[in-house]
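Some notes on the structure that comes next.
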Ligand code: ADP
Ligand code: MG
């Protein structure tokens, strides 16, 4: 769980701070009727740096697991304006002179590229970038106007997106400019009352990590030692920036914006439903309705399958956000009970 600082507007308005980290992974919420305390693997309060979040969330370990061939996913979820994009990417208008503000993504890329350099040519990295906007899957890397891609299912691959582009990269500059170009210029954002650069779509950036490990085994019948087993591993590291949950009346959305909001809320509800069922089932055979939304189909493996998933719940400390904050914390507590089988 990450609690962001009060914004200038919230401070000026005189909002009360109702969320406090108590240390040891607990967070306390002061509510008019009943206070509540929640426990998580880690809680980062307003003073936590981007580096502290990277180091304390297990992100570095996730990068190593992706290199080892696992499917790893990082989610940021929470109300609009709670700090999801900040946590994943850092401030959108950052300059090169502000490396301290870099988010989980850039720090993970740096980590991956460092490993890639030490592995030599045995580690190849490529990226694909999708958004789900109004229940349509779009490729953010393909040039030209946004094109919708079909989401299919096969026995061997599970749910997958057909014809999505994937781009090789070998440097931090290459992947960063890819992200900035695709994300800030092509991804759907609209300004509304809660956040000036609010993301109106769910964005999924997948880094494919292909490693070819050559192990040395003795050749049969006393021959020379040589590379005989060549195992190839294909891991992924997926970053999911969910569009924020919001109540339509609070954001002053109408017309097209309220259609967007309803689609966002519906898919987040489907995600919440799958998480609740997964948390309850614990190994029992239960039908999980992944097909209820594109989002849950694309995340099926990360949620309940063979993936390893880190969920970062972002919340605002302000008294005005109390009910959304509580619902995010309940959501996160359920998510915490889900087990996957990597
Ligand atoms: P979301 O993506 O959840 O809608 P943002 O990440 O865009 O929210 O954050 C909303 C605003 O709050 C942005 O101006 C962002 O820079 C600021 N913010 C969020 N988290 C932090 C933080 N931990 N420290 C400083 N500023 C933050
Ligand atoms: Mg955002």
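The values are calculated or read from the model by the stated rules, or taken from the named source; none is laboratory data. Owing to the predicted nature of the structure, the values given are computational and were not obtained by experimental measurement. Every residue, glycine among them, receives a Cβ derived from its backbone with ideal geometry; neighbour counts consider all protein chains shown.
Here are a few things to note about the model shown:
- Subset of segment 139-186 [within 22 Å of residue 123 (Cβ to Cβ), in a helix (DSSP H, G or I) and touching a strand residue (DSSP E or B) at 6+ places or on another chain (Cβ under 8 Å)]: 175, 178, 179
- Test: residue 337 is in contact with a helix residue (DSSP H, G or I) (Cβ under 8 Å, 6 or more places away or on another chain), within 30 Å of residue 20 (Cβ to Cβ), surrounded by fewer than 16 Cβ atoms within 10 Å (Cβ to Cβ) and at pLDDT below 90: yes
- Pairs with Cβ under 7 Å, 6+ apart, first in segment 1-14 and closer than 14 Å to residue 325 by Cα, second in a loop (DSSP other than H, G, I, E, B) and within 16 Å of ligand 2 (Cβ to nearest atom): 2/83; 4/82; 4/83; 4/316
- Residues satisfying the stated conditions in segment 302-316, i.e. touching a strand residue (DSSP E or B) at 6+ places or on another chain (Cβ under 6 Å) and surrounded by fewer than 22 Cβ atoms within 10 Å (Cβ to Cβ): 307, 308, 310
- Considering segment 239-326, the qualifying helices (runs of 4 or more DSSP H), each wholly inside and each with 1 or more residues that are modelled with pLDDT under 90, run over 248-251, 256-281, 300-304.
- Pairing residues of segment 72-84 that are within 18 Å of residue 336 (Cα to Cα) and touching a residue at least 12 places away in the same chain (Cβ under 8 Å) with residues that are part of a helix (DSSP H, G or I) and more than 12 Å from ligand 1 (Cβ to nearest atom), at Cβ distances under 6 Å and at least 6 apart in sequence or on separate chains, gives 72/62; 72/65; 72/66; 73/302.
- Of the criteria (1) more than 21 Å from residue 200 (Cα to Cα); (2) surrounded by fewer than 14 Cβ atoms within 10 Å (Cβ to Cβ); (3) within 16 Å of ligand 1 (Cβ to nearest atom), which one residue 155 fails: (3)
- Candidates 192, 202: the one that is within 16 Å of ligand 1 (Cβ to nearest atom), surrounded by 13 or more Cβ atoms within 10 Å (Cβ to Cβ), at pLDDT below 55 and at negative phi is 192.
- Only one of the listed residues (81, 90, 69) is buried (at least 19 other Cβ atoms within 10 Å of the Cβ) and closer than 23 Å to residue 125 by Cα. That residue is 90.
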